[in-house]
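The values are calculated or read from the model by the stated rules, or taken from the named source; none is laboratory data. Since the structure is predicted, the reported quantities are computational estimates derived from the model, not experimental observations. For neighbour counting, all protein chains shown are included, and Cβ atoms are generated from backbone atoms with ideal geometry for every residue, glycine included. These accessible areas exclude ligands, DNA and RNA; they are computed on the full protein's heavy atoms, side chains included. Shrake-Rupley method; radii C 1.70, N 1.55, O 1.52, S 1.80 Å.
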Amino acid sequence: MADLNTRGSDEPVASVHFSTSPEGFRRFSEATTRQARLYEMALSGTLDLLYVFDLEGRFTYANPGLLAVLGKRAEDVLGKNFFDLAYPPLLAQRLADQITTVIVTGQPLRDETPFTGTAGPRRYEYIFTAAFDEEGFVEAVAGVTRDITERIAAEEALREADQRKDEFLAMLAHELRNPLASVRNAVTLLKEAGAESQQAWAADVIERQTRQLSRLVDDLLDISRINHGKIELQCEHLDAAQFLEAACDSVAPLIAARDHLLRAIIPRGELWLHGDPTRLQQIVVNLLANAARYTEPQGRLWLEAAQLGEEIVIEVRDSGIGIPPEKIPKMFELFAQGERTAARSEGGLGLGLTIVRGLCQLHGGSVSAHSEGKGKGSTFIVRLPAVPKPAQPVPALRPHSGPNEGAGRQILVVDDNEDAAAGLGRLLTRRGYAVRLAATGPEALDAVEALAPAAILLDIGLPGMDGFEVAARLRQDPRCGGLVIIALSGYGQEEDRARSAQAGFDSHLVKPVDFEEVRGLLRAALGKS
């Protein structure tokens, strides 16, 4: 009578005992067949290529995965060696030698190789392992092969990304040191020189380099916001000429400094879209600045805009150094740049084009790059959805400003950074405001109670009682119902702005603040009070 016994933990292999009776033999045969079928199903279902060789290096088993790669049937493979199957001669010899090594040593052997089969050129990793008989002699060699093409590509991509990151960090340090060095020299000159002309030069340097530092920080923040989907567009119905002309004005100093000729063809009142004018201007400024940066002095730039079907098409071209074809697919990737040299004066972090792509996508559009090659210039094309022209477009009004715009209004500036508070206070004083400074939350609350200011410019990151708590307390005081509270913060993410609004701030400005923006907010808010 047949029975199936399972060995203990030290004997993991199941054995089948059967009597010599026909029934016992039948049961043994069924068990063996079932076991073979299960093994075959397992070997057939794996994505790996599995196979077995005899001691002559001939295939005695090949699973469906291997047969598919070879493009052959089992009967065309079994009993054949690598040479019979027309493997590349050098590869066939190497594999045959490796099988011999495994047979002789009894040790597994691991290697990898390129191979072109039905899936095209791929990279494979394989291991040959000896199979021993009951007496300990090698009776066959089993093999497993795995396609590692995607893994190698991913590892290479990670290496490239890591290299680009290291290059970016080195470039960031370089770009930060340049303006800081200029500012330091200007400050030293201010301390030593008494001539008014030298002071004016130093002040101009400090202002210009501070703007450069602000642009670097803004680019870094924009990348983070775009990648995390935290940019909120302030969209409106607008004429494309509005932001296109503003972009030309923004890059005019750079273009003039490099002695470029910019030709702009911008139809007014004809190209309408729904978008954020500030972000759309940023797109064009980045493209024009990029064109200027990679165009030799006295080169030419072009900016053209037109409506094609249901799209507004904006084209920025240059006569610059061009783009090698292999670099075009990566032009808009994070940390990717064109050619860089240590002498390149305009600098930049290589984030501009990544920001352009992100902002275009947020507007439902796209951007693409084209070039005939090195030295033949570049073309960048932005496509944005067009909207119908409004019946009666209303021109934007510029806010009024004058030398005594503050009219003696009391303003409280609260910041624990003494230099920042004093500088902002002096600027406001020159515009006619009466300014009082405070350095802590309690000082701010006392000053509001004593002075009843019209507005408070309040730093959020105060020691002890922070700006959020100060604003919340002021909003709980009925006497401060008309007080304008403007946040000053080094954080400008959407969640930071939302928290400011929740605490009771009327506006949120990111440091270093643009003084013209401060003036605009005060004029708008105090003009209504």
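Of all residues in region 140-159, those satisfying the criterion of being in contact (Cβ under 8 Å) with a residue 60 or more places away in the chain and either more than 22 Å from Tyr51 (Cβ to Cβ) or open to solvent by 50 Å² or more (accessible area, probe 1.4 Å) (or both) are Val144, Arg146, Asp147. Among all positions in region 103-126, there is at least one residue which is farther than 20 Å from Asn63 by Cβ, touching a residue at least 40 places away in the same chain (Cβ under 8 Å), open to solvent by 30 Å² or more (accessible area, probe 1.4 Å) and in a helix (DSSP H, G or I). Note on region 197-214: residues that are at pLDDT 75 or above, of a type outside the set (A, V, I, L, M, F, W, C) and over 30 Å from the mean Cα position of the chain (by Cα) total 2. The set of residues from region 274-322 being surrounded by fewer than 19 Cβ atoms within 10 Å (Cβ to Cβ), among the polar types (S, T, N, Q) and more than 16 Å from Ala264 (Cα to Cα) comprises Thr278, Gln298.
Would a scan of region 446-453 turn up a residue that is under 33 Å from the mean Cα position of the chain (by Cα) and crowded, with 22+ Cβ neighbours inside 10 Å? No. Checking Val484 against (1) modelled with pLDDT of 90 or more; (2) within 23 Å of Arg409 (Cβ to Cβ); (3) exposed (fewer than 12 other Cβ atoms within 10 Å of the Cβ), only one condition comes out false. Which one? All conditions pass for Val484, except number (3).
Working only within region 127-139, note down all residues that are in a strand (DSSP E or B) and either surrounded by fewer than 12 Cβ atoms within 10 Å (Cβ to Cβ) or not aromatic (Phe, Trp, Tyr) (or both). Passing the criteria: Ile127, Thr129, Ala130, Ala131, Phe132, Val138, Glu139.
One line per residue, one yes/no per condition, for (1) of a type in the set (Gly, Ala, Ser); (2) surrounded by fewer than 16 Cβ atoms within 10 Å (Cβ to Cβ); (3) modelled with pLDDT of 60 or more:
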residue	(1), (2), (3)
Pro324	no, yes, yes
Leu351	no, no, yes
Ser368	yes, yes, yes
Glu372	no, yes, yes
Arg383	no, no, yes
Pro393	no, yes, no
Ser401	yes, yes, no
Ala407	yes, yes, yes
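Please pick out the residue among Leu427, Leu457, Leu437 that is within 23 Å of Tyr491 (Cβ to Cβ), open to solvent by 30 Å² or more (accessible area, probe 1.4 Å) and in a strand (DSSP E or B).
Just one listed residue meets the conditions, Leu437.
Residue selection: Tyr51 fails the criterion of being closer than 24 Å to Phe137 by Cβ and either exposed (fewer than 11 other Cβ atoms within 10 Å of the Cβ) or modelled with pLDDT under 60 (or both).
Out of curiosity, is Leu70 modelled with pLDDT of 95 or more and among the hydrophobic types (A, V, I, L, M, F, W, C)? No; evaluated as a whole, the condition is false for this residue. Filtering region 361-391 to residues that are among the aliphatic types (A, V, I, L, M) and out of contact with any Asp or Glu (no Cβ under 7 Å at 6 or more places or on another chain) leaves Leu362, Val367, Ala369, Val382, Val387, Ala391.
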